[in-house]
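Written below as structure tokens is the structure these notes are about.
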Amino acid sequence: MKWSDHSWNAIEPIYNKITTMPFIQELANGKLATEKFKYYIGQDALYLEQFGRVLAMIAAKAPNTEIALAFIQFSQNAMVVENTLHASYFLDYNITNNFILQPACHHYTHFLKSIVSFDSIEIAMAAVLPCFWIYKKVGDYLLNLKTVNNNPYQKWINTYGGEDFAISVTKAIRLCDEVADISNKKIKDQMTSVFYRASIMEFEFWDAAYFMKQWSY
Ligand SMILES: Cc1ncc(CO)c(N)n1
């Protein structure tokens, strides 16, 4: 079995749980409170900047030029394309980005930065994969549900459910499988373990947004 199939099986319960989260359900029916979306988009803009840097560092450490070029592109997409979506919501909702990293976002970005700094490249590639794969699955799920017309969150749904993002996601999965194929069992298991951990952090990120979780002090 491919590393990616095995690892997706491991996180499938987390993914299924994500699709039932109130944040996702209300994103689908357009009823998500503006305040909660604003919290999310503010945190996510901060997330994407750090995520983009992590992707650039994977590119810099890549074992071959194909992986280097792919991750340079992923990095640019995270910091330019996805952030353009956020900037347009910033305008729509009159948000000024004076946010600080709240706990879930802080935890997730620091987790990724620590892995890319201290662990091997295969493990870093596996740790960033849920960011691609879960968003793609959630985007497709929401695009297919299409429960309402004039959903204020449709731009978000179209970005992650769209074809362009699908191409990047397919490539990210394939490259992870290629590096897993030439790795030993210990590395493959560690790849699955960080993939699992990052998937939980995707859950926590949406949970934090729904409940607008903040530092106590
Ligand atoms: C938290 C999070 N994970 C993944 C993505 C998709 O890149 C995103 N925008 N935000």
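The values are calculated or read from the model by the stated rules, or taken from the named source; none is laboratory data. None of these values were measured; they are calculated from a predicted model. All Cβ positions, glycine included, derive from the backbone under ideal geometry; neighbour counts span all protein chains shown.
Summed over the range 64-89, residues that are touching a helix residue (DSSP H, G or I) at 6+ places or on another chain (Cβ under 7 Å) and either of a type in the set (A, V, I, L, M, F, W, C) or modelled with pLDDT of 95 or more (or both) total 10.
Residue selection: L32 satisfies the criterion of being buried (at least 18 other Cβ atoms within 10 Å of the Cβ), within 19 Å of L142 (Cβ to Cβ) and touching an Asp or Glu at 6+ places or on another chain (Cβ under 7 Å).
When residues in the range 130-177 are screened for being within 16 Å of the ligand (Cβ to nearest atom) and assigned to a loop (DSSP other than H, G, I, E, B), 2 of them pass. Residues that are closer than 19 Å to K36 by Cα and either of a type in the set (S, T, Y) or surrounded by fewer than 17 Cβ atoms within 10 Å (Cβ to Cβ) (or both) within the range 110-147 comprise just one, Y135. Answer yes or no: is there a residue in the range 40-51 that is touching a residue at least 40 places away in the same chain (Cβ under 8 Å), over 15 Å from the mean Cα position of the chain (by Cα) and within 15 Å of the ligand (Cβ to nearest atom). No - not one qualifying residue is present in the range 40-51.
Taking (1) at negative phi; (2) part of a loop (DSSP other than H, G, I, E, B) in turn, Y47 satisfies each apart from (2).
Applying a threshold of 6 Å to beta carbon distances and a minimum spacing of six or more residues, or different chains, the list of pairs starting in the range 1-24 at a residue that is closer than 14 Å to M191 by Cβ and ending at one that is surrounded by 13 or more Cβ atoms within 10 Å (Cβ to Cβ) and of a type in the set (A, V, I, L, M) reads W3/A180; S4/I173.
Selection of the range 50-103 for residues being among the aromatic types (F, W, Y), farther than 20 Å from I115 by Cα and in a helix (DSSP H, G or I) yields Y89, F90.
Right, Y196: crowded, with 20+ Cβ neighbours inside 10 Å and within 16 Å of the ligand (Cβ to nearest atom) or not? In short, no. Within the range 103-116, the set of residues being away from the ligand (no atom under 12 Å from the Cβ) and either touching a residue at least 12 places away in the same chain (Cβ under 8 Å) or under 14 Å from F71 (Cβ atoms) (or both) comprises P103, K113, I115, V116.
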